[in-house]
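FYI, it's all coordinate maths here, none of it is from the lab. Bear in mind that the values here come from a model prediction, so they are computed numbers and not experimental data. Cβ coordinates were reconstructed from backbone atoms using ideal geometry, including for glycine residues, and neighbour counts include every protein chain displayed.
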Amino acid sequence: MTDARPELTCDVNSDEQTTVVHIAGEIDISTQELFDEAVHAGLDGPSPLVILDLAEVTFLGSIGLRILILAHNEAESAARQLRIVEGSEAVKRVMAITGLAQILALYPTVEEARSA
């Protein structure tokens, strides 16, 4: 029997001005810990701007939304900017339905998030 759990991959790139956290896969209860660690790797870095790139996320469950809201609050408390790339339809739909599109700073691409 093979392990059929969905995979989540995370990659963090940073410079003095911006940290970009690229996430790909499904964000749910089985991947929450990895997602949370990736988000905090971005927030704990030295850059004043953190971009969470969710363009390759295929599923965003409620646990992922919770992590995003907490990250938004942490960034505000630390006077840092958190911008989220919602490129995938899965993410756009969840953000619209939950009303988080009105709260979080959402962008269609990393380039637009960086230059906003």
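Tell me, in nm to one decimal, what length is gained between Glu33 and Glu89 on full extension, where the rule is 0.36 nm per residue of separation less the Cα-Cα distance?
Gain on stretching Glu33 to Glu89: 17.8 nm.
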Multiply the residue gap between Asn73 and Asp11 by 0.36 nm, knock off their C-alpha separation, and tell me the result in nm, one decimal place. 20.1 nm
Which three extents, in angstrom, do the Cα atoms of the range 9-115 have along their principal axes, listed largest first? 32, 26, 24
Positive dipole terminus of the range 9-115, leading residue within Val94, Leu82, Gly25 (C-beta point charges): Val94
Set the Förster distance to 30 Å, then compute FRET efficiency between Glu56 and Ile103 from the Cβ-Cβ distance, nearest 0.05. 0.85
Summing -39500 (n - 2.57) over the DSSP H runs of n ≥ 4 in the chain and dividing by its residue number, what mean residue ellipticity at 222 nm do you reach, to the nearest 500 deg cm²/dmol? -11500 deg cm²/dmol
Arrange the peptides 48-56, 83-91, 24-32, 69-77 so that the one whose residues have, on average, the most other Cβ atoms within 10 Å appears first. 48-56, 83-91, 24-32, 69-77
